[in-house]
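Engineer: Have a look at the structure that comes next, please.
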Amino acid sequence: GPDGGDLPVGLPCGPFDAIGHRTLEEGLRAWVREQTGLHLGFVEQLYTFGDRFRDPSERAGGARPVSVGYVALVRESPKQPRDVIWSDWYRHFPWEDWRSGSPGVIAAVIAPKLKNWIDQSASRGDRNRRRDRVDTCFGIGEAGWDNERVLDRYELLYEAGLVAESVADGRVPASETLSKTHALTGARLARDHRRILATAMGRLRGKIKYRPVIFEVMPPAFTLLQLQRAVEGLAGTTLHKQNFRRLVAHEGLVEATGQISAQTGGRPAELFRFRRDVLRERPAPGVRLPVRRTSKTKA
């Protein structure tokens, strides 16, 4: 989104023009094109966001805004306006990146802070509810990590005051200790845009398992390693290389182009493309995830 200097960046957005925009999606595409220079391909309506005081203008006495969110996949382009930046979503959600094992921020910051939050419960019942919620969201104990529960985890951290929006929204008072915590729990986004992004992450992580949306971000020809890295980037986990390749071949998602990658360094690799016939052959041609086992989160 537009880079506002010291102000938090935000997702591309704008008001719906009831006369100029024939549909909500048309308005979305127009705003994204104007603000980023990108032409969207795959677009899907995500959710309607209308919580009270989600926008500072309402807290200042203005009208209550309602936003219709969309999720879209695009290929990164070197051509873009100067005031637009690409931002790695793990910069905003460092606890979601398990590609190198359990993220250090969970054991070092999140788990002990959430334990304190549990201990501060007003009653035994409240304490048990908080503990169950923490265990389920962060896969502590026997619960196991569910990579689709991105929004649940963000909402939990927000409620516990462990993300910067908790202070920005007036939920908890600012303090030096909280500022140090927030510096480690991800970069803030404007207004409630990190909540919107969390919703989109969870949706995409579920969708890649039963729809071939991953190919929206792939070039026309790619190596299987490039495809695996793209899936891992979305899923936030490391996949078993050989099992992944066997699954992709078995599901008929790709076909060989007959060409070899021209990339330098390493062994030459065969180039593949998305096999579109799979859309007619199966109702849910997604990419299953043969996850490489990693250690569980510890409280």
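Engineer: Give me, ordered by chain and number, the residues 5 or more places off Gly10 or on other chains with an amide H under 5 Å from its own placed amide H.
Structural biologist: Under 5 Å from the amide H of Gly10 lie the amide H atoms of Ala190, each far enough along the sequence or on another chain.
Engineer: Looking at Trp89, Val163, Pro103, which one has the Cα that reaches farthest to the positive end of the dipole of the chain (charges on Cβ: Lys, Arg +1; Asp, Glu -1)?
Structural biologist: Value: Pro103.
Engineer: Right, something else. Quick one: what are the phi-derived ³J(HN,Hα) couplings along segment 62-73, Karplus 6.51/-1.76/1.60 with θ = phi - 60°, whole Hz, x for glycine and proline?
Structural biologist: Running phi through 6.51 cos²θ - 1.76 cosθ + 1.60 with θ = phi - 60° gives x, 5, 8, x, 10, 10, 9, x, 10, 10, 9, 10 Hz.
Engineer: Among the trypsin sites (Lys or Arg not before Pro) within segment 12-42, which fall in a DSSP loop and have no more than 14 other Cβ atoms within 10 Å of their own Cβ?
Structural biologist: Details: sites: Arg22, Arg29, Arg33; in loops: Arg22.
Listed in order of number, the matching sites are Arg22.
Engineer: Residue farthest toward the positive end of the dipole of the chain, with Cβ of Lys/Arg at +1 and Asp/Glu at -1: which of Ala183, Pro15, Ile118?
Structural biologist: Among Ala183, Pro15, Ile118, the one farthest towards the positive end of the dipole of the chain is Ile118.
Engineer: Which GluC sites (Glu not before Pro) from segment 60-158 combine a DSSP loop assignment with at most 10 other Cβ atoms within 10 Å?
Structural biologist: Values: sites: Glu76, Glu96, Glu142, Glu148, Glu155; in loops: Glu76, Glu142, Glu148.
Answer in residue order: Glu76, Glu142.
Engineer: Can you list the HN-Hα couplings for segment 17-23, worked out from phi with the Karplus curve (6.51, -1.76, 1.60; θ = phi - 60°), rounded to whole Hz and with x for Gly and Pro?
Structural biologist: 9, 4, 9, x, 9, 5, 9
Engineer: Turning to a different aspect of this structure: Would you please give the residues with an amide H less than 5 Å from that of Ser102, counting only those at least 5 places away or on a separate chain, with H modeled from the backbone geometry?
Structural biologist: Ser295
Engineer: When Kirkwood radius over Cα pairs in Å is calculated directly from the model, which label among (i) 23.0; (ii) 21.4; (iii) 19.4 fits?
Structural biologist: So the structure-derived entry is (ii).
Engineer: Tell me, what HN-Hα J-couplings in whole Hz come from the Karplus equation 6.51 cos²θ - 1.76 cosθ + 1.60 at θ = phi - 60° for each residue of segment 272-279, using x for Gly and Pro?
Structural biologist: After applying 6.51 cos²θ - 1.76 cosθ + 1.60, I find 10, 9, 5, 8, 5, 4, 5, 5 Hz.
Engineer: Using only DSSP helix segments of four residues or longer, with each worth -39500 (n - 2.57), what per-residue ellipticity at 222 nm results for the chain after dividing by its residue count and rounding to 500?
Structural biologist: Rounded to the nearest 500, it is -10000 deg cm²/dmol.
Engineer: Report, to the nearest whole %, how much of the accessible area of the chain belongs to carbon and sulfur atoms, 1.4 Å probe, protein only.
Structural biologist: Within the chain, the accessible surface is 50 percent carbon and sulfur.
Engineer: Another one. What percent do you get for the relative contact order of segment 1-145 when only Cα pairs under 8 Å and 6+ apart count?
Structural biologist: Normalised by residue count, the contact order of segment 1-145 is 16 percent.
Engineer: Run the quick spin-label model on Arg229 and Ser87: label points 7 Å from Cα toward the beta carbon, then report their separation in nm to one decimal.
Structural biologist: 2.4
Engineer: Could you list which residues have their amide H under 5 Å from that of Glu270, counting only those 5 or more apart in sequence or on another chain, with H placed in the peptide plane?
Structural biologist: Residues meeting the criterion, in which the H sits 1.01 Å from N, are Ser261.
Engineer: Calculate the dipole size of the chain relative to its Cα centre from +1 charges on Lys and Arg beta carbons and -1 charges on Asp and Glu beta carbons; express the result in debye to the nearest 20.
Structural biologist: The dipole magnitude comes to about 920 debye.
Engineer: Follow-up. Å³ per residue of the Cα convex hull, for segment 14-68?
Structural biologist: 96
The values are calculated or read from the model by the stated rules, or taken from the named source; none is laboratory data. Computed from a predicted structure; not experimentally measured. Cβ sites come from the backbone with ideal geometry, for glycine too, and all protein chains shown count toward neighbours. For the accessible areas, the whole protein counts, side chains as well, though only heavy atoms, and no ligand, DNA or RNA atoms are used. Shrake-Rupley method; radii C 1.70, N 1.55, O 1.52, S 1.80 Å.
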